[in-house]
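I have placed the structure first, in the form of structure tokens, so that the comments after it can refer back to it.
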Amino acid sequence: MRLKEKTAIIVGAGQSPGEGMGNGRATALLFAREGARVLAVDHRLESAKETAQAIANEGGTSVAFEADVTKEASLKAAVAEAIKLWGRIDVLHNNVGVSLAGGDATPMEITEEAFDRVNAINLRGTIMACKHVVPIMRKQQAGSIINVSSVAALTANYPTVAYKTTKAGMIAFTEQLAYHNAEYGVRANAILPGLMNTPMAVDTRARTWGKSRAEVEAARNARVPLRKRMGTAWDVAYAALFLASEEANFITGISLLVDGGGSLRKE
């Protein structure tokens, strides 16, 4: 087992309404299968409980915890809960993100309220979670932090402004985190998913645009160079597992593309 007796906090371990599985739930399940004790954190407690129950059904160890990433105090409480339960934190996986559902829009249409909402969820929440986990990992002289950014951070033609800029900020923050904590044995890396077939990515767009899920799915599949098919939550989960494991012991500060070659498209 690649994470045997490790403790992992997964922020965003529930998922948005829709078909299939989200990145956070898949990662929580995979980490538990590999021996980790998982604190499944989400602002929807029922969704976090569903994740924890799915882990328990497979014989794993998980506890659900409700936290609002826009509130530092609730993230601090989540970290304290993991320490109370298991005495250490080996992995912090920040998997929270919102775009259209948060009111994201083009630079000419974005509102102040929508931008602040997306920033608070996508970037500030990750920074606050790390603020409370890093001192623990420094004391342990070990730890892995994995932040989920997006290929949107790298593409100039991405249409909405708040998601793109906050995910670009995630890369910059992860690099800073990696540099300033390397001497303590704490690693920090980012994952940049491309077009993924998850409830947040597909179902949210279908609802917002008034289209069927099949229409949105087909259009997104057509844009993926590799096999003309979107990735799944498991693709992100396995990337996170690698970065969390000892196999990535000498890797810090990277942005790992999980995009089926999508970033190679120049048009």
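The values are calculated or read from the model by the stated rules, or taken from the named source; none is laboratory data. Just so you know, these numbers come straight off a predicted model, no measurement behind them. Cβ: placed from backbone, ideal geometry, glycine included. Neighbour counts: every protein chain shown.
Could you list, in sequence order, all residues of the stretch 10-22 that are in contact (Cβ under 8 Å) with a residue 40 or more places away in the chain, small (Gly, Ala, Ser) and surrounded by 24 or more Cβ atoms within 10 Å (Cβ to Cβ)?
Passing the criteria: 12, 13, 22.
Identify all residues within the stretch 146-160 that are farther than 18 Å from residue 256 by Cα and crowded, with 19+ Cβ neighbours inside 10 Å; write none if there are none.
Selection gives 160 alone.
Pairs under 6 Å by beta carbon, first residue touching a residue at least 40 places away in the same chain (Cβ under 8 Å) in the stretch 36-49, partner in a strand (DSSP E or B), six or more apart or different chains?
36/8; 37/7; 37/61; 39/9; 39/63; 39/65
Specify the residue that is farthest from residue 152 (Cα to Cα); the eligible residues are those in the stretch 165-217 that are of a type in the set (Gly, Ala, Ser) and surrounded by 20 or more Cβ atoms within 10 Å (Cβ to Cβ).
By that ranking, first place goes to 188.
Over 23 Å from residue 129 (Cα atoms) and not small (Gly, Ala, Ser): is that true of residue 211 in this structure?
So residue 211 fits the description; yes.
Criterion first (under 20 Å from the mean Cα position of the chain (by Cα) and modelled with pLDDT under 95) does residue 262 satisfy it?
Spelling it out, residue 262 is indeed under 20 Å from the mean Cα position of the chain (by Cα) and modelled with pLDDT under 95.
Filter the stretch 218-242 for residues that are aliphatic (A, V, I, L, M) and under 30 Å from residue 142 (Cβ atoms); which is surrounded by the most Cβ atoms within 10 Å (Cβ to Cβ)?
Per the criteria, the residue is 240.
Just wondering, is there one or more residues in the stretch 23-40 that are at pLDDT 95 or above, surrounded by fewer than 18 Cβ atoms within 10 Å (Cβ to Cβ), assigned to a helix (DSSP H, G or I) and of a type in the set (S, T, N, Q)?
No, every residue in the stretch 23-40 fails to be at pLDDT 95 or above, surrounded by fewer than 18 Cβ atoms within 10 Å (Cβ to Cβ), assigned to a helix (DSSP H, G or I) and of a type in the set (S, T, N, Q).
For the stretch 41-52, name all the residues that are crowded, with 24+ Cβ neighbours inside 10 Å and among the acidic types (Asp, Glu).
Scanning the stretch 41-52 gives a single hit, 42.
Out of everything in the stretch 53-68 that is aliphatic (A, V, I, L, M) and touching a helix residue (DSSP H, G or I) at 6+ places or on another chain (Cβ under 8 Å), what residue ends up being farthest from residue 28 (Cα to Cα)?
Selected residue: 67.
Here's the yes/no breakdown for (1) of a type outside the set (Lys, Arg); (2) farther than 24 Å from residue 243 by Cβ; (3) over 20 Å from the mean Cα position of the chain (by Cα); (4) not in a loop (DSSP other than H, G, I, E, B):
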| site | (1), (2), (3), (4) |
| --- | --- |
| 65 | yes, no, no, yes |
| 77 | yes, yes, no, yes |
| 80 | yes, yes, yes, yes |
| 84 | no, yes, yes, yes |
| 88 | no, no, yes, no |
| 92 | yes, no, no, yes |
| 98 | yes, no, no, no |
| 105 | yes, yes, yes, no |
| 108 | yes, yes, yes, no |
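Could you tell me which residue of the stretch 243-267 is surrounded by the most Cβ atoms within 10 Å (Cβ to Cβ), considering only residues that are closer than 19 Å to residue 182 by Cβ and hydrophobic (A, V, I, L, M, F, W, C)?
Residue satisfying both the conditions and the ranking: 244.
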